Structure formats: structure tokens, C-alpha cells
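Novice: Quick one: structure below, then a few questions.
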Amino acid sequence: MEDRRFLIVGGNVRNVAESARKAGYRVYCLTKHVDADLHLYAEKIFRIDDESHEAVRRRAREISETCNAEIVCHSGYEDLLDRKIERIVNKRKFYRELEKTGIDFPEILSDGELGILKPERGGGGEEIEFSDRTKKGFILQKYIDGTPCSVSVLSSGREAKAISTNAMLVGMEEFNASGFRYCGNITPFITENEREMKAIAEELAVYFELRGNVGVDFILADKPYVLEINPRFQGSLDSIEWAYGINLFRAHLDAISGRFQSWKVRRFAGRAVVFAETDVMVKASPVGNPFFADIPRKGERYRKNDPLVSVLASGNSHEDVLRKLAERKKIYEVIAC
């Protein structure tokens, strides 16, 4: 194992911690969610108690110095160490930047126009609703009826290479999700727009001078419209690694150093986030089962609609993977709920 250490900082970091550990690195975590399986990959886990950026920044630097670990920013704290990332994670600022590039995105609306009301910051489809009124901290955007999808990119800041296109699972009843709530990915996403979407994602990674693994979310209708950039590892990390047979954390570090490889799809693969159907106390924690991840600890209580667990599957087609994910969701509920 290489004696290089990383501190993963984010709301939920299991997927990045797992990838980093399997790449041969020593892993530490500063996170809000201490899943049972996170202990398989992290040498030490620190819980985020004060969620303010300043408190997390201070704590991350303390741990980094103590453990001699490089900080990797993940979900919810993408701009923790680089304030320039604010123009990406703040959607209002991001769309202003997109206007300069000529790349299509859903039109920003004014009061009185019916569209999608979404938070300026945040992700996962949370707090999104139809509305004809704006409010502080939100933006009102034209609703485009299409297919949600994403492209995962590796970037050195000067050069970028798209790895994969990914279908996004949104609001699916099979996983107790609703509305616009993100509930997973299936990789690859087969579309005739693949080349165009990858080109756009690569262009944006270079335009914003992003380094490492980056995700660009789209809504695909008559053409692809950019929704947002995730300047970090994405929720599709598991499905990409399973589909391509690669280690994305190592590829991320290689890209930062300007090294890129080529990969081929080996299979379809997916991850689905299962939400609690009712208030529940977890009665079993199947750590080590390869089909479950982000596993809650035995005895923990979850409220209805809380993210509960992730299920993983691979198969011969998108439909095959989706079927297996739904089956494994039911199996987990029998085992643990």
C-alpha cells in the first residue's frame, strides 16, 4: 500500500473512501453520515457536528495536519478550499457563466412564469418544485421534459477526457423516491447524443479549469441542456467503476497529473438510493454483502423519506440492471427493516 493519505470531506463519502482505499491509499473521513461499511475503508472517521463551511474548513485542516493527509472535497463542501468553485456550485452564478459560452441550459424565468423552482446551492433534486414565484436563495427555471443524464469527465485543467455517459434515476417509486429526487445511476447511458454531450462536458471542465473527476448533469430533450456541474466525484462513481472495471480515484489522481487512459465498457451497472418507506429502526446491518452500500448500522432509526441504503447491480442491459436493483431493494428491506 502506498504511504499517501487522503482526508475525504463531505456529507456522505463512502463511495470515494472505498475507491481511494482500493487504489491503495490510507483514508480518513470527515463526514455527516458514518455508515457501517465506511469503517471497512477508513482508518479513522471524524463526524461533522457543526456543518458551517468555516467550522468544517478549520476541522479539516486540523485533521489534515495531524494525519498528514491531503484533503479531497466531496458532496456539500466542494468549495471548501477553493472559493472560485463558488461560481459553479451557486447555480445562479453558474448560469451567468454558461451564457458566455453559448452552451444551452434551461432558461431562467421571472415571477409569474411557471417553471421549476430550485435552490441556488445544493443537489440531489432536493427542495425542487413547480412554481410561478421566485424566493430568496432559489432560482426559477424553465421546465424541460426530457431524460436526466450525466457525463463523467477527467480533467487536468487544461485538457479533459470524458469517461462515461450515465442515466440518472430520478423520483422512482421503485426506490421510494418521488418528485425530482435523485435516486441513482445506470452506466452506460446509450444515446445518439453521446458524442455531443461528452464534447460539452470536456469543454466546460477546461473552461472552468477544473482538475480531477468532474460530472456534468444534463436534461436531454430535443438537444442536451446543461443543468449543473459537480466539481467532485459523483454519485455515479459506483456504476462507472463496475461498468468499466476501473478505479476512479486513481484515474482522478492521474488526470490531475495530466495522465489519461482509455477504457471500454464491460457491462451495464447501476446504483440506486433506497429511501425509507416509513419510519424504521434498522434490525440488521449486512456489511460485506457486495450488493449493498452506504449501509446503516443496526439499531439506527430513520424517518420516512430519509435515504436509507444503496443497492448495486450489474447486467446485460439498462433494463436488466434496473430489475436487479429493484429486486435487491426488496431483499434489503426483508433483511434490515
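The values are calculated or read from the model by the stated rules, or taken from the named source; none is laboratory data. Note that this is a predicted model, so its numbers are computed, not measured. Methodologically, a virtual Cβ is constructed for each residue, glycine included, from the backbone with ideal geometry; neighbour enumeration extends over all protein chains shown.
Novice: If a residue must be under 21 Å from Tyr244 (Cβ atoms) and in contact (Cβ under 8 Å) with a residue 24 or more places away in the chain, how many such residues does the stretch 159-195 contain?
Specialist: Adding up the residues that qualify gives 21.
Novice: Next up: Taking the criterion of being farther than 22 Å from Asp222 by Cα and among the polar types (S, T, N, Q), would at least one residue in the stretch 92-106 satisfy it?
Specialist: Among the residues of the stretch 92-106, not one is farther than 22 Å from Asp222 by Cα and among the polar types (S, T, N, Q), which makes the answer no.
Results for (1) assigned to a strand (DSSP E or B); (2) among the acidic types (Asp, Glu); (3) under 28 Å from Gly288 (Cβ atoms), shown as yes or no for each residue.
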position	(1), (2), (3)
Tyr28	yes, no, yes
Leu38	no, no, yes
Asp49	no, yes, no
Arg57	no, no, no
Arg61	no, no, no
Thr66	no, no, no
Val72	yes, no, yes
Tyr77	no, no, no
Glu86	no, yes, no
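Novice: Among (1) surrounded by 14 or more Cβ atoms within 10 Å (Cβ to Cβ); (2) within 28 Å of Ala199 (Cα to Cα); (3) not polar (S, T, N, Q), which single condition is Lys100 missing?
Specialist: (1)
For every residue, the table says whether it meets (1) under 24 Å from Lys298 (Cβ atoms); (2) of a type in the set (Val, Ile, Thr).
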| site | (1), (2) |
| --- | --- |
| Arg5 | no, no |
| Asn15 | yes, no |
| Gly24 | no, no |
| Ile45 | yes, yes |
| Ala60 | no, no |
| Ser64 | no, no |
| Cys73 | no, no |
| Leu80 | no, no |
| Lys84 | no, no |
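Novice: Here is a follow-up. Would you point out the residue of the stretch 1-26, among those that are assigned to a helix (DSSP H, G or I) and among the basic types (Lys, Arg), that is surrounded by the most Cβ atoms within 10 Å (Cβ to Cβ)? Outline the logic, then answer.
Specialist: Our first condition is that a residue be assigned to a helix (DSSP H, G or I); within the stretch 1-26, this holds for 14-22.
Still in the list and also among the basic types (Lys, Arg): 14, 21-22.
Values: Arg14: 27, Arg21: 18, Lys22: 15.
Only one residue fits best here, namely Arg14.
Novice: If you check every pair at least six apart or on different chains, which have Cβ atoms under 7 Å apart with a residue in the stretch 321-337 that is within 16 Å of Ala167 (Cα to Cα) first and a residue that is of a type in the set (Phe, Trp, Tyr) second?
Specialist: Every condition considered, the pairs that remain are Val321/Phe268.
Results for (1) surrounded by fewer than 23 Cβ atoms within 10 Å (Cβ to Cβ); (2) among the hydroxyl-bearing types (Ser, Thr, Tyr); (3) modelled with pLDDT of 95 or more, shown as yes or no for each residue.
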site	(1), (2), (3)
Phe218	no, no, yes
Val226	yes, no, yes
Ser236	no, yes, yes
Arg250	yes, no, yes
Ile256	yes, no, yes
Arg259	yes, no, yes
Val265	yes, no, yes
Phe268	no, no, yes
Ala272	no, no, yes
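Quick grid of which residues meet (1) closer than 20 Å to His39 by Cα; (2) part of a strand (DSSP E or B); (3) of a type in the set (S, T, N, Q):
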site: Ile246; (1), (2), (3): no, no, no
site: Phe249; (1), (2), (3): yes, no, no
site: His252; (1), (2), (3): no, no, no
site: Ser262; (1), (2), (3): no, no, yes
site: Val265; (1), (2), (3): no, no, no
site: Ala269; (1), (2), (3): no, yes, no
site: Val274; (1), (2), (3): no, yes, no
site: Val287; (1), (2), (3): yes, no, no
site: Arg297; (1), (2), (3): yes, no, no
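Novice: A follow-up question, please. Determine, yes or no, whether Glu127 is assigned by TED's automatic domain parsing to the domain that holds Glu203, without any contact (Cβ under 8 Å) to a residue 12 or more places away in the chain, of a type outside the set (Ser, Thr, Tyr) and surrounded by fewer than 19 Cβ atoms within 10 Å (Cβ to Cβ). Steps first, answer last, please.
Specialist: Values: assigned by TED's automatic domain parsing to the domain that holds Glu203: yes; without any contact (Cβ under 8 Å) to a residue 12 or more places away in the chain: yes; of a type outside the set (Ser, Thr, Tyr): yes; surrounded by fewer than 19 Cβ atoms within 10 Å (Cβ to Cβ): yes.
Criteria met by Glu127.
Novice: Farther than 23 Å from Ile256 by Cα, buried (at least 17 other Cβ atoms within 10 Å of the Cβ) and not assigned by TED's automatic domain parsing to the domain that holds Pro290: does that describe Lys118?
Specialist: yes
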